[in-house]
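Asks: Let me give you the structure first, and then I'll get to my questions.
Every number in this text was worked out from the coordinates using simple rules, so none of it is lab data. Everything numeric in this text was worked out from a predicted model, so none of it was measured. Here the Cβ is made from the backbone with ideal geometry for all residues, glycine too, and neighbour counts use every protein chain on show.
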């Protein structure tokens, strides 16, 4: 039994919280929190934007720790986001069990569109 | 508008699968959903999978993650237990007025926030944080 009972939020480092909010809420269409301006939701998971430099820290984007956003059709979602000016890295990757398309938010935090098409093996 | 339905997983960059299994599996007690020791381990929280992988094995840069906040019943107690196991923490446990937060590092340097909201939950929503936690963000 783990002492950890859930994931409360994912921290999104930013240099401009308003710009980040615009990207996640308006460009990606994610649901903003009803109360907190710099929180948004992906399904049941909360993401919290914060500015390390305003707290005396050093800003560093999250690299290679991709947040995998589930969509039904990766290629279609990618096309739609490209139409909004989002730039992707490379082609859609077919891993043999899923599709992945890699991009980043305006601060350079790594993201991916993800869809697993293969059933999971019973564990 | 694209429909993002959920978070399938959060990738955690690591440098050692042994370190990851010790920290996330043994110390945090998260269930490892991968059954093959030769693949990158995945650990399950109640709502999101933490997917370990080694960027350097693909000739990509390793940069520690800025952090996920994991809910624990008692932050000071969990902190004391992890410190006794050699886990390093950044600064003191923080009381934001609505929650306790303690930032530690896994054995590869990724930030992991032990988190517990003690204030009454919102009546009109399910947010796990509060604006008071976002001192760095403009109001």
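Asks: With the structure loaded, tell me whether residue A:48 is crowded, with 18+ Cβ neighbours inside 10 Å, touching a strand residue (DSSP E or B) at 6+ places or on another chain (Cβ under 7 Å), in a loop (DSSP other than H, G, I, E, B) and within 7 Å of chain B (Cβ to nearest Cβ) or whether it fails that test.
Replies: No.
Asks: Across the range A:61-84, what is the total count of residues that are assigned to a loop (DSSP other than H, G, I, E, B) and at the interface with another protein chain (Cβ under 7 Å from one of its Cβ atoms)?
Replies: Counting residues in the range A:61-84 that are assigned to a loop (DSSP other than H, G, I, E, B) and at the interface with another protein chain (Cβ under 7 Å from one of its Cβ atoms) gives 7.
Asks: Step by step: first the residues of the range B:1-20, then only those that are more than 8 Å from chain A (Cβ to nearest Cβ) and touching a strand residue (DSSP E or B) at 6+ places or on another chain (Cβ under 8 Å), then the one that is surrounded by the fewest Cβ atoms within 10 Å (Cβ to Cβ). Which residue is that?
Replies: Going through the qualifying residues, I end up with B:17.
Asks: While we're on this one: Please enumerate the residues belonging to the range A:28-45 that are crowded, with 17+ Cβ neighbours inside 10 Å and either assigned to a loop (DSSP other than H, G, I, E, B) or in contact with a helix residue (DSSP H, G or I) (Cβ under 8 Å, 6 or more places away or on another chain) (or both).
Replies: A:28, A:30, A:33, A:36, A:37, A:38, A:40
Asks: Pick out the one residue from B:62, B:23, B:40 that is in contact (Cβ under 8 Å) with a residue 40 or more places away in the chain, more than 9 Å from chain A (Cβ to nearest Cβ) and not in a strand (DSSP E or B).
Replies: None of the others qualify; the one that does is B:23.
Asks: Determine which member of the set A:96, A:90 is in a loop (DSSP other than H, G, I, E, B) and either exposed (fewer than 15 other Cβ atoms within 10 Å of the Cβ) or without any contact (Cβ under 8 Å) to a residue 24 or more places away in the chain (or both).
Replies: A:96
Asks: Filter the range B:43-56 for residues that are at the interface with chain A (Cβ under 7 Å from one of its Cβ atoms) and surrounded by fewer than 22 Cβ atoms within 10 Å (Cβ to Cβ) and give the result.
Replies: Residues satisfying the conditions are B:46, B:47, B:55.
Asks: Can you name the condition, by its number, that residue B:116 falls short on among (1) touching a strand residue (DSSP E or B) at 6+ places or on another chain (Cβ under 6 Å); (2) surrounded by 15 or more Cβ atoms within 10 Å (Cβ to Cβ); (3) without any contact (Cβ under 8 Å) to a residue 24 or more places away in the chain?
Replies: (3)
Asks: With (1) under 19 Å from residue A:3 (Cα atoms); (2) part of a loop (DSSP other than H, G, I, E, B); (3) touching a residue at least 24 places away in the same chain (Cβ under 8 Å) as the list, and residue B:102 as the residue in question, which single condition is left unmet?
Replies: The number of the failed condition is (2).
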